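The values are calculated or read from the model by the stated rules, or taken from the named source; none is laboratory data. Every value quoted in this text rests on a predicted model; they were computed, and no experiment measured them. Using ideal geometry, Cβ is built from the backbone for each residue, glycine included, and neighbour counts are taken over all protein chains shown.
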Amino acid sequence: MVSAPATTLEARVREALASVHDPEIPPCTIVDLGIVERVAVSGGTVEVDLLPTFAGCPALDVIREDVEAAVRLVAADVSVQVRFVHAPPWTSDRITPAGRAALARHGITPPAGGPVLIPLEALRRPSAAVLCPFCASVDTVLESAFGPTLCRSTHFCRSCRNPFEAFKPKTAAG
């Protein structure tokens, strides 16, 4: 049974985590990106399990430090343990509606729900539209499957003529 102070502390920790922004996508919090997998408060310890968006993410150390600092602000007298876990695997399905809106404001489109096929040539449209975050057009093309990070790809909108990034879709096996 969880005591009332632990529940209150857990709520404060969750609120603190909602203020931690992703260092690579500053408009999005780690909560809105869906990387907070578990928060547990037990005795004198707060445990936070995070799911990296991909295994080679260069921002993991910064995220860990930011999470530890945020949790210490609300739980200064307890031990804080932040771990990166890989089960379940993170997918873009975990991004909240607020996170999707923040991504669009930042010029990044998360993949649409369901299976998405990415054609290898830029002239063929994908079977599921990738919406432009600037004008909401579906007249977009994949410019490169390789974006600035392993989890993103680069697209171009033929309507408003803006380049933008999108989270890669999860694979059929994922």
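Selection of the stretch 64-114 for residues being among the aliphatic types (A, V, I, L, M), assigned to a loop (DSSP other than H, G, I, E, B) and within 15 Å of the chain's Cα centre (by Cα) yields 85, 95, 112. Every listed requirement among (1) outside the structural domain of residue 12 (by TED's automatic domain parsing); (2) over 28 Å from residue 135 (Cβ atoms); (3) among the aliphatic types (A, V, I, L, M) is met by residue 74 save one, (1).
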